[in-house]
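Here is the structure we will look at.
The values are calculated or read from the model by the stated rules, or taken from the named source; none is laboratory data. Note that the coordinates shown come from a computational prediction; the quantities given were computed from them, not determined experimentally. With ideal geometry, Cβ positions are generated from the backbone for all residues, glycine too; neighbour counts draw on all protein chains shown. Just the protein is used for accessible areas: all its heavy atoms, side chains included, with ligands, DNA and RNA removed. Shrake-Rupley method; radii C 1.70, N 1.55, O 1.52, S 1.80 Å.
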Amino acid sequence: TFQNIRPETIIWGESLGQGSFTKIFRGIKRDIDNEESYETDVLLKVLDITYRNFNESFLEAASVMSLISHKHLVLLHGICVGTDSIMVQEYVKLGPLDIYLKKQKDGSRITARWKLEVAKQLAYTLSFLRDKNIIHGNVSTKNILLSREGDSSTGSPPFIKLSDSGVSITVMTKELLTDRIPWVAPECVRDPRSLVQESDCWSFGATLWEIFNGGSIPLSVLEPTAKVKFYQDQLQLPILKWTELANLINCCMNYRPFLRPSFRAIIRDLNNLITSDYELLVDLSTGDL
Ligand SMILES: N#Cc1ccc(Nc2nc(N)cc(-n3cnc(CCO)c3)n2)cc1
């Protein structure tokens, strides 16, 4: 249930890199509407031919995206089906958040307030999906796109868009799941079909940690055996400086899914964090101001 897009309406642009099973390109979609022709910047996500066995799940993720619309969800224009399956998405100006955060790390121009604003928008979006009984299943800064940078001098906030979940973890091999530790919840590594709503809360916790750690999680570059051991020993990620935030992250990353907070509770906690003067202290101590 999505818009079928005719390949001749797409003009292919530069390669922008790749996702786990996809190649990413910039593009332009040209439509003719009663003699008026207009062009739209689009993002083309092509499923790698080596993963054609994931095609059904790739299309399933697209159809979920086309069923719902929300200001913080990437808009799906439709799909081009043919030799390749191509997802035609809105082109989000500033690209993936993980790359943006890594670039800023040197300049460290982004404040605790900026990061909390991103965290809040993500929590609102996941709360919206929860209310629609939709499990994203792949929350990480790689799948968060930045459409507006915001400007701390004028106080204008950043604006994010959560991308499609891509191939579902329920069809992935144990190796692929292990590779996604610590974003994929422990229950999903044990049994992928046990993906529950609360699994998004675990991933949200890991994503929050990533946002406050310059867009990376050291654990994620370790060998698969070390990653598996991390879950077997029920370890937590290193505690961040900001104690209240660190506590929230550890609540989200509870090894027992049903002890994790709801996104409504998470939003309340984030709102309290923003008003506390702790944020100013953190900025002062990290010189983020
Ligand atoms: N330089 C640069 C630059 C790169 C990309 C964009 N825009 C954009 N828009 C989207 N809808 C999706 C993605 N995207 C990129 N990589 C993935 C897969 C991993 O998430 C998804 N990028 C804008 C600027």
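Hey, can you tell me all the residues within region 23-34 that are more than 15 Å from the ligand (Cβ to nearest atom) and part of a strand (DSSP E or B)?
So the first thing to find is which residues in region 23-34 are more than 15 Å from the ligand (Cβ to nearest atom), and the list is 30-34.
Once the filter is applied, which keeps residues that are more than 15 Å from the ligand (Cβ to nearest atom) and part of a strand (DSSP E or B), region 23-34 yields Arg30, Asp31, Ile32, Asp33.
Looking only at residues that are under 25 Å from Leu67 (Cβ atoms) and open to solvent by 50 Å² or more (accessible area, probe 1.4 Å) in region 1-22, which one is nearest to the ligand (Cβ to nearest atom)?
In this case the residue turns out to be Ser20.
Kindly provide the set of residues from region 177-196 that are within 15 Å of the ligand (Cβ to nearest atom) and in contact with a Phe, Trp or Tyr (Cβ under 9 Å, 6 or more places away or on another chain), ordered by number. Quick ask: steps written out before the conclusion?
The first filter runs over region 177-196 and keeps only residues within 15 Å of the ligand (Cβ to nearest atom), leaving 179-180, 183.
Selection gives Trp183 alone.
From the residues in region 105-159 that are hydrophobic (A, V, I, L, M, F, W, C) and closer than 16 Å to Gly95 by Cβ, which one is surrounded by the fewest Cβ atoms within 10 Å (Cβ to Cβ)?
Ranking the candidates gives Phe159 first.
Applying the selection to region 160-201, what residues are open to solvent by 50 Å² or more (accessible area, probe 1.4 Å), under 20 Å from Glu60 (Cα atoms) and not aliphatic (A, V, I, L, M)?
Matches in region 160-201: Thr173, Arg193.
Have a look at Phe58, Phe54 and point out the one that is away from the ligand (no atom under 13 Å from the Cβ), open to solvent by less than 30 Å² (accessible area, probe 1.4 Å) and hydrophobic (A, V, I, L, M, F, W, C).
The unique qualifying residue is Phe54.
Residues in region 59-87 that are in contact with an Asp or Glu (Cβ under 9 Å, 6 or more places away or on another chain) and either within 12 Å of Asn4 (Cβ to Cβ) or modelled with pLDDT of 95 or more (or both): how many?
Matching residues across region 59-87 total 7.
If I filter region 91-98 for residues that are among the small types (Gly, Ala, Ser) and within 16 Å of the chain's Cα centre (by Cα), do I get at least one hit?
Yes, the conditions are met somewhere in region 91-98.
Being closer than 19 Å to Asn138 by Cβ, crowded, with 20+ Cβ neighbours inside 10 Å and either of a type outside the set (Val, Ile, Thr) or more than 16 Å from the ligand (Cβ to nearest atom) (or both) is the filter here, so list the residues in region 74-95 that pass it.
Result: Leu76, Ser85, Met87, Gln89.
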